[in-house]
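Read the figures in this text as sums done on the coordinates, not as results from a lab. For clarity, every value in this text was computed on a predicted model and none was experimentally measured. All Cβ positions, even for glycine, are placed from backbone atoms using ideal geometry, and neighbour counts span all protein chains on display.
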Amino acid sequence: MELLIALPIIAIVVAAASGALIQVIQSTATSAHMVALRQVQTAGYWVSKDGLQAQSITTGPGVGFPLTLNWTDWNDEFHHVVYSLENMPSGTLKQLQRQESVNGTLVATTMVGQYIDAASCAPGNKTLAYNETLTFTVTAKVPGARGPQTERRTYEIKPRPEPRPD
């Protein structure tokens, strides 16, 4: 009689534990996917934000890095921003770094994206005219419980025209 009572109780406990374990594994995969999504969105935000202010955009050779953006703001301060891909300590993945100088003085070095598997700026090795479009593509790959989670986004940015002389 005790076995007849103990077996269903054990089955209920095992079912609850299995359900909790499955939920933890799924939430880890979801978390990795959300991290990958956040990385491509943050990288796109910063490059787009600077690109919309830029009066000149110069892409580097190959995949377009370093990406250099320059503009003069309303306060006559000259901004020089350089985006570069740097190796992460973990191995093959990279991080996107942003360095900003104002009037020739370095004011900030910021990491704007991690787990970058690929990033490119097209056209490569060129200074864009005000009517040309910069295409920035970034792919993030974050390790997860059920394999790497990957997100990719493409952004198109047009530099603003040079101010007209008064």
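Here are the numbers for this structure:
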| quantity | calculated |
| --- | --- |
| Residues located in region 62-91, provided they are in a loop (DSSP other than H, G, I, E, B), farther than 15 Å from Ala118 by Cα and not charged (D, E, K, R) | Trp74, Asn75, Pro89, Ser90 |
| Unique residue being closer than 15 Å to Pro159 by Cα, surrounded by fewer than 15 Cβ atoms within 10 Å (Cβ to Cβ) and of a type in the set (A, V, I, L, M) when the list is Ala54, Ala129 | Ala129 |
| Test: residue in region 83-102 that is under 22 Å from Arg152 (Cβ atoms), free of Cβ contacts under 8 Å to residues at least 60 places away in the same chain, buried (at least 17 other Cβ atoms within 10 Å of the Cβ) and of a type in the set (Asp, Glu) | no |
| Residue, nearest to the chain's Cα centre (by Cα), within region 67-79, restricted to residues that are crowded, with 16+ Cβ neighbours inside 10 Å and of a type outside the set (A, V, I, L, M, F, W, C) | Thr68 |
| Residue list for region 108-134, filter: among the hydroxyl-bearing types (Ser, Thr, Tyr) and under 16 Å from the mean Cα position of the chain (by Cα) | Thr109, Thr110, Tyr115, Ser120 |
| Any chance Tyr155 is surrounded by 13 or more Cβ atoms within 10 Å (Cβ to Cβ), part of a strand (DSSP E or B) and either in contact (Cβ under 8 Å) with a residue 40 or more places away in the chain or of a type in the set (Ser, Thr, Tyr) (or both) | yes |
